[in-house]
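Contents: one structure, followed by commentary.
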Amino acid sequence: MRIGRAAAGLAILTAVAAGALLVSVRFGAVSLGLGEIVDAIRGVGAPSAVAIVRDLRLPRAVQAALVGAALSASGATFQALLRNPLADPYILGVSGGAAVGAVSAVVLGVSIAQAWVVPLAAFVGALVAIIVVLRIALMVGQTLDTRILLLAGVVVGAFFNACILLVLTFADVESFRSAIFWMMGSLAGASWSKVWVLALYLVPGTLVLITMARSLNLFAIGEETAAYLGTPVERTKYVAYGTASLLAAAAVALSGVIGFVGLITPHVVRLIWGSDYRFLIPAASLLGAALLSLTDALARTVAAPIELPVGVVTAFVGVPFFVWLLRRRGA
Amino acid sequence: MFQPCRASRTRPSTAARAGRCLWACALLVLLAALGCHGGDVPNEGRAPSTAVSVEDDAGHLVVLPHPARRVVSLVPSATDVLVALGAGDRIVGRTDYDTAPEVADRPSVGGGLDPSLETLVAVEPDLVIAWAEAGPSSLRGQLEPLGIGVFGLRSQDTTDVFGAIRSLSHLVARDSAGGVLASRIRRELAAIRASTVGRPIPSVVYLVEVDPPLVAGPATFVAQIMGIAGARTAFPDLPGLWPQISLEELVRRQPDVLVLPELASLTPFVARMRNAPGWRELRAVQNGSVVQIPPELMSRPGPQIVTAARVLRDRLHLALERRPP
């Protein structure tokens, strides 16, 4: 892919992401005028408007963008690593592990007083899943076979889902409801501290993945070819697996299981610009950021004050767009 | 990705279902509460003059500079308590699940567990009553920095009704109204209980779902209400709050009366129960001893537990009277 075309593509996507962020700050469940929003950002005007814009809407828009970016970078990497177009950030059981952690914390009676317990429990659950899947995959053969890794991820995920159902069977109704809300994924709990935590994972994580992009390109062709062409295949697999999993874990821990974004944005970028991972990873991240902040804005305004599950809106917006894109490519 | 079958339900039915099932704890606890008047007021009067501080049901100390003037209630039973305390005019926001006509004109902030925070902040409350059990909600972390007090309320069983009255009346500086309300409820419940003394005690099963059968366990609010209404649960030995049981076991136990919530989704089934395999083996079905109760009565441990107990008592009595000799 030529440098000029890549730069143009990234510029367009950056503009789209910035536009999406602006739109999601502009619109919310409470309708505020443009002037009121600008005033609120500067910290003047009605105290409730300032609180709404500065403490609720802005961090939520930014967190949506970061989660979208993390899931997209993670999904793109898994698709290369597993050479499977159906791979998404959750395919190797990260979401299952996180859900077991979160649901257990909820059912064991974590109260609203402890805001960080559930994200921490989810993150620990995700880490356990990452390690267990890797251990199982390494039990077979001398090296890490990505086909075995995929199988290990799927069975571990299935096992964790069974654990969740078991825990929920004995949960009281309130915990049950809270757990289901968590699993549907939501950005309603967004805060600046969560934004910083996410950024702490997203920025280095994405940079690592971009530096590995050449290896991932070769990897997508085949492991042997990649090895012949000088890629440190084993190291690439470990680093890619670890980084993509950590990105997904951080996103899931802070926002629950938000589906579809991580699966679809890499494909959209591939359909429009081709599958050079040096471009695809940053581009998919930007597109994911734009998509999720935009769909979250829709999720909280369409039926306000009821919030729709953001995963539902993402699929409702994303699927028609993707089908249109596929048709256009086919024509 | 995990996709539980129940999550795919539409909002109202999830809510209705969850609304139907908000209860826990044992009849013994209630009787103890009936016996001991008053109880200790949590941390009352620690702060000077107008400031109010109460420990909430999540163990968190809620401190307000003055009694709450603008309240958003995310817990429908708390809304009912506030209205009963005569503080309905201080409610500035409610949820979509509130049914009290007194607050119908207040803006809704969406669901109780997933409110729209923007809408909530826009009504400028000084106190938010939230679910104590709502785990993943970071409501407190988000609202307290904005100067909004968050009180986590436990609302599961009949003892929680008295806890809610005590805490909420203190938060809105209506302690004496709270005392009056609590003793009135205690008196009326005791009267209902007394009115059934001497009658035979029917065994009753409350079915919240029929396919598969989900019944109220002995630790639920419903089982407590049954006890007050002069009945006993046919499943005193079940673990968990709302366990799923087999139809075989239901047939084996032959409860005297089946009680179901009055829901559009269940009424057609009740109509054809006599012909339904398994269900037709139940003597209660053959005798027509199947009772339906408005779900809102059996779902909310609030001041209307009195009505719930009274309605249940009367309908059970009627069903047993109708029974062929």
Counting Lys and Arg as +1 and Asp and Glu as -1, each charge on the Cβ, what is the dipole of the protein assembly as shown about the Cα centre in debye, to the nearest 20? 1100 debye
For segment B:249-325, alpha-carbon Rg and Dmax in angstrom: 13.2, 39
What does the convex hull of the alpha-carbon atoms of segment A:192-329 project to on average, in nm²? 9.3 nm²
Here the Kirkwood hydrodynamic radius of chain A, Cα-based and in Å, equals 20.4 Å
Determine the percent antiparallel among the DSSP beta bridges restricted to the protein assembly as shown, to the nearest 5. 30 percent
From other protein chains only, count the Cβ atoms within 10 Å of every residue's Cβ in A:299-309, then give the mean. 5
For segment A:1-131, what mean projected area does the convex hull of the alpha carbons give, in nm²? 11.8 nm²
With the crude spin-label approximation of a point 7 Å out along Cα→Cβ, what separation in nm comes out for A:Ser193 versus A:Val16? 3.5 nm
Rank by packing, highest mean first: peptides B:116-126, A:246-256, with packing defined as the count of other Cβ atoms within 10 Å averaged across residues. A:246-256, B:116-126
Taking only DSSP H segments of four or more residues, each worth -39500 (n - 2.57), what value at 222 nm results for the protein assembly as shown once the sum is divided by all its residues, to the nearest 500 deg cm²/dmol? -18000 deg cm²/dmol
Per-residue average of other protein chain Cβ atoms inside 10 Å, peptide A:164-176 -> 5
So for R0 = 41 Å, FRET eff. of A:Leu200-B:Ala191 from the Cβ-Cβ r, to 0.05, ends up at 0.10
Segment A:1-54 pair-distance distribution - Cα-Cα, 5 Å bins, rounded %: 4, 19, 21, 14, 10, 9, 8, 7, 6, 2, 0
Could you identify which residue out of A:Leu271, A:Leu280, A:Leu82 has the top mean-square fluctuation in a GNM of chain A using Cα springs shorter than 10 Å? A:Leu271
Cα convex hull of segment B:130-270: mean projected area in nm², to one decimal? 11.6 nm²
Full extension between B:Arg199 and B:Arg280 adds, at 0.36 nm per residue less the Cα distance, a length in nm of 26.4 nm
What ranking, highest mean first, results for peptides B:82-93, A:66-77 when packing means the other Cβ atoms within 10 Å averaged over each residue? A:66-77, B:82-93
If you line up the Cα atoms of segment B:91-165 on their principal axes, what length do they span on each, largest first, in Å? 33, 29, 19
Mind checking B:55-63 for the average number of partner chain beta-carbons within 10 Å of each residue's beta-carbon? 2
May I ask you to order B:199-206, B:244-251, A:15-22, A:123-130 by the average number of other C-beta atoms within 10 Å around their residues, highest value first? A:123-130, B:199-206, A:15-22, B:244-251
To the nearest 0.05, the calculated FRET efficiency linking A:Ile221 and A:Leu271 through their beta-carbon distance, R0 being 25 Å, is 0.85
Using the 2.2 N^0.38 Å rule of thumb for compact globular proteins, work out how the protein assembly as shown stacks up: its C-alpha Rg over that value, please. 1.07
Segment B:203-285: D in µm²/s via Stokes-Einstein (Kirkwood Rh, Cα pairs, 25 °C, 0.890 mPa s)? 191 µm²/s
Integer Hz, Karplus 6.51/-1.76/1.60 couplings in order for segment A:269-285, x for Gly and Pro: 4, 4, 5, 8, 10, x, 10, 7, 5, 4, 8, 4, 5, x, 5, 5, 4
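Just so you know, all these numbers are worked out from the coordinates, no wet-lab data involved. Because the structure is predicted, anything quoted here is derived from the model rather than measured. FYI the Cβ positions are ideal-geometry reconstructions off the backbone, even for glycines, and counts take in every protein chain you see.
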